[in-house]
Structure formats: structure tokens, C-alpha cells
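What follows is a short report on a single structure.
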Amino acid sequence: MIAARVQRALLIIGFPVAAFLLLRFAIDFFIEMPVILAVPFAVLALASLAIAATNIFRVKDDKAHGSNQKIGRALLLLAIPLGFLASSLDCSGLSAQGCTQFCSAIKLVWIPLLAVIGLAYYFMEKAWLLILVSAMSFVPLVPHCICYNVGNGWWIERLGASPTCYAWGFVVTLIAVSAIKYKARLFPSLMLCGVILSGAFGFFISHHYFHFPW
């Protein structure tokens, strides 16, 4: 019972954090970027928040059972470290070093550790392991990024560093953990995580190799 309350508290706390990060990012996109790019970003942000809210606040059992549910759970657990990895690649590319030591530590230590704990949860299904994944997902949001761009500028001007770089990884974690924990909309959650990951990895390629959109 205590574990369930802690897990739910982390998800409920995480939702407004994710909402603020994504909505702030979307506003900056509309201010600085062409509408044709800003609108898809805003739609994805709103869809992500909608599925996260539905998973967390309107719990209803998924219809998937047996092997299908097991596969869905495995893919959602995999999406968590991939979400943070994609966020890291978007910022610092294939370099092992990030823009700060904190960024480097997240890329080289924290993300692999999340993957190991997620794998342990898949085989052991211990509630505390999923709680640990949720708690650990907050750490990359500590303002640390000093790369001045559309997503980071607003934060850097006010805090000196930005928490935005790993926002999408955090959102993927919120969606994945809530879907796994409550068996709520497992496959819609997986599909949306797939869209987020595709967009993030796509941005990595376009940004670092074609300098688009900046």
C-alpha cells in the first residue's frame, strides 16, 4: 500500500512538471519558429500530456492480456532509457561529453543505470524498482544545460541553465510508468512513446547533420 502511494505521488507530482516544461517549450516554438514546425510540436506535446493524464487520473484496465501485455510492458520499459538517450543525442550528439559535467554524467551513467533497473523490474516485477525509475527520472531535470537555443533560452535568461534538454525523456517515463503500473492504455501509450522517440531521433539527425531547424 505504501509503495502504491509513493508511486502515485511521484506520477502526480511529475505531471505538472512535464506540463510546464512542454507548454513553455511549445510557447517558445511558436514565438521563434515557423508555424509549420510549431504546430506539430504543440500537438505532440498536448497528446503526450493527454495520455499521461488519462493514465494517471482515469485508471482503467487495458484489454491486453498475457503475452501481448508482457510485450507491451517490455517495450515501454525500453522506451524509458531510449527517451533520455534521444534527448541527450539531441543536445550533444554522439560525443561522450555533454555541454556540462552534469550532462555527461546523465549520458554516461544515469541513462545506462535506468536501463538496468528497468530490466530488473521486467524480470522481478518489484514495485520499488518502478518507483526508483520514476524517482530517478526527475534528476535529469535539474537545470544544467547552457546551450542557448529556442528551447533553452527562456530558462537560461532566468536561471542561468535549462532543464529542458531531458524533458521528452521525462515525459516518456511518465507515460510508460503510468501505463505499466495501472495497466492503463498500454498500447496507445506505447504508440505515443514511439512517436516521441521517432521525433527525437529525427531531430538528432536533422539538427546535427543538416543544421535543421537550427
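Principal axis extents of the Cα atoms in segment 147-214, from largest to smallest and rounded to whole angstrom, are 40, 30, 10. With a Cα cut-off of under 17 Å and a minimum spacing of 8 residues unless on different chains, the lysine pairs in the chain number 9.
Would any residue of segment 126-141 have its amide N under 20 Å from a label point 7 Å out along Cα→Cβ of Ile2? List them or say none. Backbone N within reach: 126-136. Here the Gaussian network model covers the chain, with springs between Cα atoms less than 10 Å apart; of Leu89, Leu23, Leu114, Leu23 fluctuates the most. In units of the compact-protein estimate 2.2 N^0.38 Å, the chain shows a Cα radius of gyration of 0.98. The slack in the chain from Leu113 to Ala47, taken as 0.36 nm per residue of separation less the alpha-carbon distance, amounts to 20.9 nm. Calculated on the Cα set of segment 95-140, radius of gyration then Dmax: 12.1, 36 Å.
Any read-out appearing in this document is the output of simple, stated calculations on the displayed coordinates, not a laboratory observation. None of the values given here were measured: they were computed from a predicted structure. Every residue, glycine among them, receives a Cβ derived from its backbone with ideal geometry; neighbour counts consider all protein chains shown.
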